[in-house]
Amino acid sequence: MSTSQTDAAILEGEPAVQPWLVMLALAIGGFAIGSTEFAAMSLLPYIAAGLGIDEPKAAHAISAYALGVVVGAPIIAVLSARVPRRTLLMALMAAYGVTNCLTALAPDYEWLLVFRFLSGLPHGAYFGVAALVAASLVGPKERTTAIARVMLGLTVATIVGVPAATYLGQAFGWQAGFALTGLLALATFIMVALFAPRDRPDDSASPLRELGAFRNRQVLLTLATATIGFGGLFAVYSYTASTLLEVTRVDPRVVPLVIGLFGVGMTLGNLVSAWAADKALKPTATVLIIASAAALFAFPYAAGSLWSISLVVFLVGCTTGLAIVLQTYLMDVARDAQTLAAAANHSAFNVANALGPWLAGLAISAGYGFPSAGYVGCALSLAGLVLWLITMWDAKRR
């Protein structure tokens, strides 16, 4: 559904929509999701210790969540083609809160995997629909900035929510970090109910029309770029806490502070990338992928010093603006399959979320140590760059 179609779908007679309140409500949902998704990575050492398993095995919980996103995003997007977006956002956030509370109650490793998978199901559809709603509230030249404002919830989560969840995990057990999400999800549900525009779906919307996104070569190439290119970031981020503890040998209390620097970089990177993308989208994406590869390559060399690894973690965070840039590009090329393309973007990033830690885990298990995650990450980013260049070449041929 295009932006103009979305505007027309808002029900007549409703009070005037306040875009900043809508974006705030959607951003709180991003904060809830980000606090849990990224905290799961920083809590890996504590999850492993609590369940009596090693850290590469504990990282399977991250992969289970990512698999849930991959499976849930396209299925929910297709099946909900005729569901009002406000109703869908509320349902998705309710499901997210419940499943994360169940994660906190998981009695063993196997149930943890089950509940992390279920927690991932609403993730991609929520962010995809939220991005479309945000973009519908502004002009065409401000879409990326609007999406970035919604994603501020996720980026602020990496500054505030993730360190808070990590502290809670250290003080009260890793379960406390997941329990926090239930309260955040409830707040989002209420805010969306109060402020999101009441809408009706496009009369021509259908599951078959949404599935048309997967027949679009530009959509598929862009999703492939996200899948491979972003795998590098997750390869490093998943093992940053372990690297700090085992290689840099910092006090455990320092770990949340360094993780918070990633969030600062993520927040600044998203805002600057959105501004740049609204002026020159394709070059912005290219620069971000190259910068990501460079920062990830530096990770092994920075691991020995708290100051150098802190700088690299910050720089890696700055490159995450690629997510919203590719989200906007998908809006340009997806035509009538907007919801599926937007949701599938988050599926792609969560395939990356599974792929990166898995490949880095292989290198670590082979005896190359936690810093080797940087080399794995750099290789994935460079592969993503190749895919993006192919995407641009294909676009010129169309």
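Within the stretch 1-59, if we keep just the residues that are modelled with pLDDT under 70 and either under 15 Å from Arg116 (Cβ atoms) or in a helix (DSSP H, G or I) (or both), the residue that is least open to solvent (accessible area, probe 1.4 Å) turns out to be Thr6. Just one of the listed residues (Val255, Val247) is of a type in the set (A, V, I, L, M), open to solvent by less than 10 Å² (accessible area, probe 1.4 Å) and in a helix (DSSP H, G or I), and it is Val255.
Of the residues making up the stretch 60-69, not one is farther than 24 Å from Phe262 by Cα and open to solvent by 10 Å² or more (accessible area, probe 1.4 Å). Pairing residues of the stretch 146-165 that are in contact (Cβ under 8 Å) with a residue 24 or more places away in the chain and crowded, with 24+ Cβ neighbours inside 10 Å with residues that are among the aromatic types (Phe, Trp, Tyr) and in a helix (DSSP H, G or I), at Cβ distances under 7 Å and at least 6 apart in sequence or on separate chains, gives Gly153/Phe31; Leu154/Phe31; Ala157/Phe31; Ala157/Phe38; Thr158/Phe38; Thr158/Phe262; Gly161/Phe31; Val162/Phe38.
Open to solvent by less than 10 Å² (accessible area, probe 1.4 Å) and at negative phi: is that true of Ser365 in this structure? Judged against the criteria, Ser365 is not a match. If you check Phe172, Phe189, Phe195, Phe230 for being aromatic (Phe, Trp, Tyr) and closer than 28 Å to Gly384 by Cβ, only one passes: Phe230.
If the condition is being among the hydroxyl-bearing types (Ser, Thr, Tyr) and surrounded by fewer than 20 Cβ atoms within 10 Å (Cβ to Cβ), then the stretch 368-398 contributes Tyr368, Tyr375. Screening Thr284 on (1) surrounded by 21 or more Cβ atoms within 10 Å (Cβ to Cβ); (2) more than 23 Å from the chain's Cα centre (by Cα) shows it passes everything except condition (2). On the stretch given as the stretch 75-89, residues that are open to solvent by less than 30 Å² (accessible area, probe 1.4 Å) and not charged (D, E, K, R) total 6.
Look at (1) touching a residue at least 24 places away in the same chain (Cβ under 8 Å); (2) part of a helix (DSSP H, G or I); (3) open to solvent by 40 Å² or more (accessible area, probe 1.4 Å) and you find that Arg335 fails only one, number (2).
Here Asp336, Asp332, Asp278 are screened, and the one residue that is farther than 17 Å from Thr222 by Cα and among the charged types (D, E, K, R) is Asp278.
Could you please let me know if Ser308 is surrounded by fewer than 24 Cβ atoms within 10 Å (Cβ to Cβ), modelled with pLDDT of 90 or more, of a type outside the set (A, V, I, L, M) and within 25 Å of Gly263 (Cα to Cα)? Answer is yes for this residue. Only residues that are among the β-branched types (Val, Ile, Thr) and open to solvent by 10 Å² or more (accessible area, probe 1.4 Å): list them for the stretch 90-143, please. Answer for the stretch 90-143, where residues must be among the β-branched types (Val, Ile, Thr) and open to solvent by 10 Å² or more (accessible area, probe 1.4 Å): Val98, Thr99, Val114, Val133, Val138. Out of the residues in the stretch 311-330 that are closer than 15 Å to Gly263 by Cα and among the hydroxyl-bearing types (Ser, Thr, Tyr), state the one that is modelled with the highest pLDDT. Looking at residues that are closer than 15 Å to Gly263 by Cα and among the hydroxyl-bearing types (Ser, Thr, Tyr), I get Thr319. Residue pairs whose Cβ atoms lie under 8 Å apart, separated by 6 or more positions or on different chains, with the first residue in the stretch 293-314 and of a type in the set (S, T, N, Q) and the second part of a helix (DSSP H, G or I), are Ser305/Thr248; Ser308/Tyr301; Ser308/Ala302; Ser310/Val258; Ser310/Leu261.
From the list Pro107, Pro122, the one residue that fits, being over 20 Å from Thr240 (Cα atoms) and in contact with a helix residue (DSSP H, G or I) (Cβ under 8 Å, 6 or more places away or on another chain), is Pro122.
Can you tell me how many residues in the stretch 166-188 are under 30 Å from Arg82 (Cα atoms) and crowded, with 22+ Cβ neighbours inside 10 Å?
The qualifying residues number 4.
Would you check if there is a residue in the stretch 218-235 being part of a helix (DSSP H, G or I), under 24 Å from Lys396 (Cα atoms), open to solvent by less than 10 Å² (accessible area, probe 1.4 Å) and modelled with pLDDT under 85? No, that holds for no residue. Of the helices (runs of 4 or more DSSP H) lying entirely inside the stretch 98-182, those containing at least 3 residues that are in contact with an Asp or Glu (Cβ under 9 Å, 6 or more places away or on another chain) are 123-136, 143-156.
The values are calculated or read from the model by the stated rules, or taken from the named source; none is laboratory data. Quick caveat: nothing in here was measured; it's all calculated off a predicted structure. Cβ atoms come from the backbone with ideal geometry, glycine included; neighbour counts cover every protein chain shown. Just so you know, the surface numbers come from the protein's heavy atoms only, side chains and all, with ligands and any DNA or RNA stripped out. Shrake-Rupley method; radii C 1.70, N 1.55, O 1.52, S 1.80 Å.
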